[in-house]
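First up is the structure itself, then whatever we jot down about it.
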Amino acid sequence: MAEKKINWFKIADTDAMLPWQDNDMCMVEVDGKTVTLARFKEQLFAFAQKCPHAGGIMSDGYIDATGLIVCPIHRYRFNMQNGRNTSGEGYYLKTYQAERRADGIYIGLEERSFWSL
Ligand code: FES
């Protein structure tokens, strides 16, 4: 299968310009899409705004001590890197790329294809 092209969007010049909540998450707009941005041990992660189970707002949850995102509604846990549902319910959290570069914070979205419109 062909690798999907990633389009990168700069969302801020620095971490300090983002609306971080106390739980080290915030919501950002990227190319018309609302994405959750999280930070854990200096690393950035980006993933869907809503939980794949029943639509819980992920940024209202919390990051546990091992770096898993915990949904605020039913407490399902997900790996922020690959979206795997580590508490075993079989869901999959959509994840995106996030990078801290010399000139700012970037989020990478897969290029939209005809089939995903
Ligand atoms: S809505 Fe997220 S675990 Fe149910």
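Of Ser59, Ser87, which has the most accessible area and how do the rest follow, probe 1.4 Å?
Working: Ser59 0, Ser87 50 Å².
Sorted descending by solvent-accessible area, the residues read Ser87, Ser59.
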- Query: Which FRET efficiency value, to the nearest 0.05, do you get for Cys26 and Arg75 by plugging their Cβ-Cβ distance into 1/(1 + (r/R0)^6) with R0 = 22 Å?
  - Reply: 0.60
- Cysteines of the chain without any disulfide-compatible partner (other Cys Cβ under 4.7 Å) are Cys26
- Express the carbon and sulfur contribution to the solvent-accessible surface of region 1-112 as a percent, rounded to the nearest whole number, probe 1.4 angstrom. 46
- Message: Test of understanding: what is the full-extension gain from Gln97 to Glu110, defined as 0.36 nm times their sequence separation minus their Cα-Cα distance?
- Response: 3.8 nm
- Note on the structure: For region 5-62, listing trypsin sites (Lys or Arg not before Pro) in a DSSP loop whose Cβ sees at most 14 other Cβ atoms within 10 Å gives Lys5, Lys41
- Round to the nearest 10 and report in Å² the accessible area of Val30, as given by a 1.4 Å probe over the protein chains' heavy atoms. 0
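The values are calculated or read from the model by the stated rules, or taken from the named source; none is laboratory data. The structure displayed is predicted, hence computed values, not measured ones. Cβ sites come from the backbone with ideal geometry, for glycine too, and all protein chains shown count toward neighbours. We work out accessible area using only protein heavy atoms, side chains counted, and drop any ligands, DNA or RNA first. Shrake-Rupley method; radii C 1.70, N 1.55, O 1.52, S 1.80 Å.
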